[in-house]
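Got a structure for you, questions after.
The values are calculated or read from the model by the stated rules, or taken from the named source; none is laboratory data. Model, not experiment: these values are computed from the prediction. Cβ placement follows ideal geometry from the backbone for every residue including glycine, while neighbour counts extend to all protein chains displayed. Accessible surface is based on the protein model in full, side chains and every heavy atom, while ligands, DNA and RNA are left aside. Shrake-Rupley method; radii C 1.70, N 1.55, O 1.52, S 1.80 Å.
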Amino acid sequence: MAGEPLKVLDALDVAKTQCYHFTAIVIAGMGFFTDAYDLFCVSLVTKLLGRIYYHKEGSTKPGELPSNVAAAVNGVAFCGTLSGQLFFGWLGDKMGRKRVYGMTLMLMVICSVASGLSFGGHPSSVVATLCFFRFWLGFGIGGDYPLSATIMSEYANKKTRGAFIAAVFAMQGFGILAGGVVAIIVSSAFDAKFPAPSYQENPAASTVPEADYVWRIIVIFGAFPALLTYYWRMKMPETARYTALVAKNRKQAAADMSKVLQVELDSEQDKIDEGKSKNDFGLFTRSFLRRHGLHLLGTTSTWFLLDIAFYSQNLFQKDIFTAIGWLPPAKTMNAIEEVYRIARAQTLIALCSTVPGYWFTVALIDVMGRFAIQLMGFFFMTVFMFAIAIPYKHWTLESNRIGFVVMYSLTFFFANFGPNATTFVVPAEIFPARLRSTCHGISAASGKAGAIIGAFGFQYAEKAIGVKKTLIILGVVNALGMFFTSLVPESKGKSLEEVSGEAGEGDERITESRTHSIPV
């Protein structure tokens, strides 16, 4: 009887794409929309924070966040994200995906608002409050990674599963784009209402008191999309794979799926026999190490290396654009105008390369496969990063700056039409159901460890060894990603049970259940 729960899973694997699949993409995807908005919007306002809170009388240039403060503001959310990925990934396997899904969303909503309301009578207290709430914001964001990926993988059929999971992750691109658009709208409105001279014309008047509202509004806005989807997230049933394979209640699994998908199943026994099988191994066992140890090394290492490069580029592209002269010197702008110009530059990159890259992956992942897309992405990221870094002085010439922006945009395109999407998809497919959320959380946390290195390391490397050498290092990191991609198995066209090994290894009952016709 232990093989019987796979009937409902077989039905899900061959089920036609239905309306609820797209509903699930939107519900899970809005979490990622909010994740990306919250993580990256801070890079739009760090220059403004420096002008407001770290202005020095008589200085020839606008105030800037000290290196340690800038690193903390940019990186503290990643520290929270790493913790949340490990904690909620483990909790998702222990308590079920649905039961903890709403917790992450409400934590994101509350902490987004609290971050924008950061208080204090001194710059250090404002920044400390902001960092505190951004840590817990990141903690909630972290939980969304393993839960959203696992839920979408366990709902989808095997032919379009990769596209569905990638579509959830692709909402991150819209979140980055939305951050830039919101910043453009808010800064434009405030600059029109409260015009101010440039810093070099009048340092004191270049930052109007109302500028303090600009960064707060931009940060708080991230709470609204998450809040709008909270009700629908709570209405989602538990996934059939968790209910059948982990909770071992086949009847409940079939009933839950019948509510939301047009899948009819014969009435079966209420509970599954819970006899010990050779697949019932834990995370810290020799069986897991033998079957999935290299897989976990592959998913953790590639995500780690990808995020070092990806988050370095995303968080500090404003500094690179300034270094090549694509953004004018800060002293030639007022505080709010600087926010507008940074947002416009980042929005252009998102619109032309980041968002299209995500959706190329969605369109082709179930055609090309995960392995090919990931290897291709790392390869072209390496090529374009070296093409930028080695002749760096060439790109800083005014006549070549547009070419630099094109090359830089292509690294983003192939990050997203490549490992930034596939490193999210693959861990949700290749591990057993009872460890799937945990292993995805571990893989994602490894990625955020890379993001922390990118956020903190790039800040110091840029000043210590220069932009050129820093970009060369990022190129080497991308090249290492190609090597470790060889450890990641291909999961295209296979059921979750086939790719994770839950349907193999001599289990005749399971093999038989795969040959039976399933009433749908």
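With a ≥ b ≥ c the root eigenvalues of the C-alpha gyration tensor of the range 331-401, is it rounded (a/c under 1.5), prolate (a/b larger than b/c) or oblate?
Working: a/c = 4.04, a/b = 1.59, b/c = 2.55.
Because a/c hits 1.5 or more and a/b fails to exceed b/c, the range 331-401 counts as oblate.
Between residue 124 and residue 407, what is the label-point separation in nm under the 7 Å Cα-to-beta-carbon projection?
Taking the two extended label points, one gets 4.3 nm.
Please work out the Cα center distance from the range 177-198 to the range 335-365, rounded to the nearest Å.
Here the two parts' Cα centres lie 17 Å apart.
A further question on this structure: Taking a quarter of the surface of the convex hull around the Cα atoms of the range 140-189, what do you get in nm²? Spell out each step's value before the answer.
On the way: hull surface 16.8 nm².
Taking a quarter of the hull surface, the average projection is 4.2 nm².
Would you calculate the separation in nanometres between label points at residue 364 and residue 289, each defined as 7 Å from the Cα along the Cα-to-beta-carbon direction?
Using points 7 Å along Cα→Cβ, the separation is 3.9 nm.
Between residue 57 and residue 397, what is the FRET efficiency for a Förster distance of 35 Å, r being their Cβ-Cβ separation, to the nearest 0.05? All intermediate terms of the calculation are to be shown ahead of the outcome.
Values: r = 36 Å, r/R0 = 1.03.
Calculated transfer efficiency: 0.45.
Relative contact order for the chain: what percent, with Cα pairs under 8 Å and sequence separation of 6 or more? Please list the in-between numbers first.
Values: 943 pairs, mean separation 134.8, N = 520.
It rounds to 26 percent for the chain.
Mind giving me the FRET efficiency for residue 193 and residue 95? R0 is 41 Å, r the Cβ-Cβ distance, nearest 0.05 is fine. It would help to have the intermediate numbers written out before the result.
Values: r = 49 Å, r/R0 = 1.19.
Taking R0 as 41 Å, the efficiency between residue 193 and residue 95 is 0.25.
Something else about it: Please identify the DSSP H helices in the chain that span no less than 15 Å along the helix axis (Cα) and have a mean Kyte-Doolittle hydropathy of -0.5 or more. Intermediate values should be presented prior to the final figure.
Working: long enough: 19-53 (49 Å, 1.09); 67-95 (41 Å, 0.72); 97-116 (30 Å, 0.87); 123-155 (47 Å, 0.72); 161-193 (49 Å, 1.43); 250-260 (16 Å, -0.78); 286-315 (40 Å, 0.11); 335-349 (22 Å, 0.36); 355-368 (19 Å, 1.36); 370-389 (28 Å, 1.79); 401-416 (23 Å, 1.28); 433-485 (46 Å, 0.74).
Those that clear 15 Å and a mean of -0.5 are 19-53, 67-95, 97-116, 123-155, 161-193, 286-315, 335-349, 355-368, 370-389, 401-416, 433-485.
Using Cα positions and a limit of under 27 Å, work out the lysines in reach of residue 235, with same-chain residues fewer than 8 apart set aside.
7, 16, 94, 98, 158, 159, 248, 251, 259, 271
At residue 258 and residue 280, where each label point lies 7 Å from the Cα along Cα→Cβ, what is the point-to-point distance in nanometres?
Placing both labels 7 Å along Cα→Cβ, they lie 2.8 nm apart.
If you don't mind, there's one more thing I want to ask. Listed highest first by mean packing, meaning other Cβ atoms within 10 Å per residue, what order do 354-362, 70-78 come in? Don't jump to the answer; show the numbers that get you there.
Working: 354-362: 22.1, 70-78: 24.2.
Put in order of decreasing packing, that is 70-78, 354-362.
Which log10 I(q)/I(0) values, to two decimals, does the range 1-127 give at q = 0.10, 0.17, 0.23 Å⁻¹ under the Debye formula with one point per Cα?
Values returned for q = 0.10, 0.17, 0.23 Å⁻¹ are -0.53, -1.04, -1.41.
Separate question: Please compute, over every Cα-Cα pair in the chain, the percentage with a separation greater than 31 angstrom.
Values: 60582 of 134940 pairs.
Here the tail beyond 31 Å accounts for 45 percent of pairs.
Out of the total accessible area of the range 15-116 (probe 1.4 Å, heavy atoms of protein only), what percent is carbon and sulfur? List each step's numbers first, then the result.
On the way: 2290 of 3430 Å².
Answer for the range 15-116: carbon and sulfur cover 67 percent of the accessible area.
Can you tell me how the range 164-228 classifies by the Cα gyration tensor, rounded, prolate or oblate, using a/c under 1.5 as the rounded cut?
Numbers: a/c = 3.86, a/b = 2.66, b/c = 1.45.
Because a/c hits 1.5 or more and a/b exceeds b/c, the range 164-228 counts as prolate.
Need the C-alpha centroid separation for the range 375-414 versus the range 17-70, integer Å.
24
Taking only protein heavy atoms and a 1.4 Å probe, what accessible area per residue, in Å², does the chain have with all protein chains in place? Walk me through the numbers before you get to the answer.
Numbers: 19440 Å² over 520 residues.
With the other protein chains kept in place, the chain gives 37 Å² per residue.
Under the rule that an exposed site lies in a DSSP loop and has at most 13 other Cβ atoms within 10 Å, name the longest stretch of the chain with no trypsin sites (Lys or Arg not before Pro) of that kind, not counting the sites themselves. Intermediate values should be presented prior to the final figure.
Numbers: sites that count: 16, 56, 271, 276, 278.
It runs 279-520.
In deg cm²/dmol and to the nearest 500, what is the mean residue ellipticity at 222 nm of the chain if only DSSP H runs of at least 4 residues count, each as -39500 (n - 2.57), divided by the residue total? Numbers along the way, then the final one.
Details: 21 runs with 372 residues, N = 520.
That comes out to -24000 deg cm²/dmol.
Next question, about the same structure. For the range 370-444, rounded, prolate or oblate, judged on the Cα gyration tensor with a ≥ b ≥ c (square roots of eigenvalues), a/c < 1.5 rounded, else prolate if a/b > b/c? Display every interim value, and only then the final one.
On the way: a/c = 4.09, a/b = 3.53, b/c = 1.16.
Cα axes put the range 370-444 in the prolate bin.
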